[in-house]
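Presented below is the structure to which this report refers.
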Amino acid sequence: MIMAEAFQFELVSPERLLVSEQVEAVVIPGAEGEMTVMAHHAPVMTTIKPGVVTVKTAGGKEERYVVFGGFADILPSGCTLLAESAVAVGDIDRADLARRIQDAKEDAADAKDDQSRSKAEQFLAQLTTLESALLAA
Amino acid sequence: MPSLKDLRNRIASVKATQKITKAMQMVAAAKLRRAQEAAEAARPYSERMGLVLANITQAIGGGGDAPALMTGTGKDDVHLLVVCTAERGLCGGFNSQIARLARDHIRRLLADGKQVKIICVGKKGYDILRRDYGSMILERIDLREVKTLGFVNADAIARKVIYLFGEGGFDICTLFYSQFKSVISQIPTAQQIIPAGVASAPAEATVGGNAVYEYEPEPGEILADLIPRNISVQVFRALLENAAGEMGAKMSAMDNATRNAGDMINKLSITYNRQRQAQITKELIEIISGAEAL
């Protein structure tokens, strides 16, 4: 297989910088669908939904991180992912995930108008998809 | 005149106090290091957030679709002050400095005929402000139970503020906290977070901004998502700076206390020795004069 060109990828959560390294490809759960970012990608800025970010490092390793919303800033020279909260898939805390789902459920129930309710329900749906995806893995 | 026994007790108690302050200083030093690390670890996120924000505002070009959180309500009648202080005392002038800044600000606003609302984060600020402005305090947020400050804590505060703004509870929100400069210097700071002054983003922040971005979804929508998050980040940064500042202030306060206790022990020991000497002399005189009388 031909080695793809590497580019700089950074995964940042408010608490710390999780990843900053040369990677070949990153799969990002964009708000409007998953996207794979490789070197020389056109500049895009997108919000991301809760999901799994798959990072293929220049060394050929594959790492997976769970992110809970945020956004990605993609430039030809690199990609920065600002996640609201991010953990490596191996370290995911099921109880924490369950708590988030519970919170989302309450948010959906408490929503005052249709717009915020549909938003909360959408978020809840994304979370449950994520949970089932993780359970399957 | 205290007796020898009294002096001995005093010295023992001051020594015990010194041990405590010394221990507190060391604990503060360890916590300070951790707080500093946390503050440093959080820096990349807020920096990049600033970059992204600058890029996107440039793209929108101050168009009419900027969210209200950015442009404000167009009035400045009701001010919300979020005053962040420590949960515990024994850290020198740290809390009172922040409270003083907030109080000056409140006084100025009230003199201008504005309405003031306060949210206190941390017990100490609440205790100080309650005396004069108790009726203005909307809420007191307690972080005492929080062991390690997480983004969720900041997010919860920011959400409350944004919710209030949505309800039309205030026009301008200012965040009060202490900027951590060094162990001996923390600078109380007032920072306006709503409406967010993005215009102050540094010029070099737009490097790479000449590229034409594609936005998914629309820029306005992203911005609407981004601004509240940015407020959370600002609050988070303030809390982290405060945590580091508190520990720094505590460390130097306890260092001073330890030194003062040392001085006190020295002085007391001198008095003690002098008195002991005086007593020995007195006893000798008694013996000698007794012998002479024989």
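Put simply, when B:22-33, A:14-25, A:103-114 are sorted by average Cβ atoms within 10 angstrom per residue, most first, you get A:14-25, B:22-33, A:103-114.
Can you classify the range A:7-89 as rounded, prolate or oblate using the Cα gyration tensor, where a ≥ b ≥ c are the square roots of its eigenvalues, rounded means a/c under 1.5, and otherwise it's prolate if a/b beats b/c and oblate if not? It is rounded, given that a/c, with a ≥ b ≥ c, falls under 1.5. 3J(HN,Hα) along the range B:10-26, derived from phi through the Karplus expression 6.51 cos²θ - 1.76 cosθ + 1.60 where θ = phi - 60°, amounts to 4, 4, 4, 6, 5, 4, 5, 4, 4, 4, 5, 4, 4, 5, 4, 5, 5 Hz, with x in place of Gly and Pro.
Charges were assigned to the Cβ only: +1 to each Lys and Arg, -1 to each Asp and Glu. The resulting dipole of the range A:93-136 about its Cα centre is roughly 80 debye.
Between B:217, B:120, B:92, the Cα set farthest toward the positive side of the dipole of chain B (charges on each charged residue's Cβ, about the Cα centre) is that of B:92. Taking other C-beta atoms within 10 angstrom as a stand-in for reagent exposure, B:110, B:226 fall in the order B:110, B:226, fewest first.
Every Cα-Cα pair in the range A:93-136 was counted, and those over 17 Å apart are 30% of them. Summing charges over all other residues whose Cβ lies under 13 Å from the Cβ of residue A:80, with Lys and Arg as +1 and Asp and Glu as -1, gives -3.
Sequence neighbours fewer than 8 away in the same chain don't count; with that in mind, list the lysines whose C-alpha is under 27 Å from residue B:22. In chain and number order, the partners are B:5, B:31, B:123, B:124, B:147, B:181, B:250, B:267. Rounded to the nearest 20 debye, the dipole magnitude of chain A is 140 debye, with +1 charges on Lys and Arg beta carbons, -1 on Asp and Glu beta carbons, and the Cα centre as origin. Given axes a ≥ b ≥ c from the Cα gyration tensor, I'd like to know whether the range B:108-200 is rounded (a/c under 1.5), prolate (a/b larger than b/c) or oblate. Since a/c stays below 1.5, the shape of the range B:108-200 is classed as rounded. Take the Kirkwood radius over Cα pairs of the protein assembly as shown, plug it into Stokes-Einstein at 10 °C and 1.306 mPa s, and you get 63 µm²/s for translational diffusion.
Only the Cβ atoms of Lys and Arg (+1) and of Asp and Glu (-1) were treated as charged; on that basis the dipole of the protein assembly as shown about its Cα centre amounts to roughly 2980 debye.
Two numbers describe the Cα atoms of the range B:33-252: Rg and Dmax, which are 17.8, 54 Å.
Classify the range B:58-167 as rounded, prolate or oblate from the Cα gyration tensor: take a ≥ b ≥ c as the square roots of its eigenvalues, call it rounded if a/c is under 1.5, otherwise prolate when a/b beats b/c and oblate if not. Judged from the Cα gyration tensor, the range B:58-167 comes out oblate (a/c at least 1.5, b/c at or above a/b). Its alpha carbons considered, the range B:20-121 gives a radius of gyration followed by a Dmax of 19.6, 60 Å. On the beta carbon distance between residue B:270 and residue B:167, with R0 = 51 Å, the FRET formula returns roughly 0.20.
Any read-out appearing in this document is the output of simple, stated calculations on the displayed coordinates, not a laboratory observation. This one's a predicted model, so the numbers in the text were calculated from it and none came from an experiment. Note that we place each Cβ from the backbone using ideal geometry, even for glycine, and neighbour counts take in every protein chain shown.
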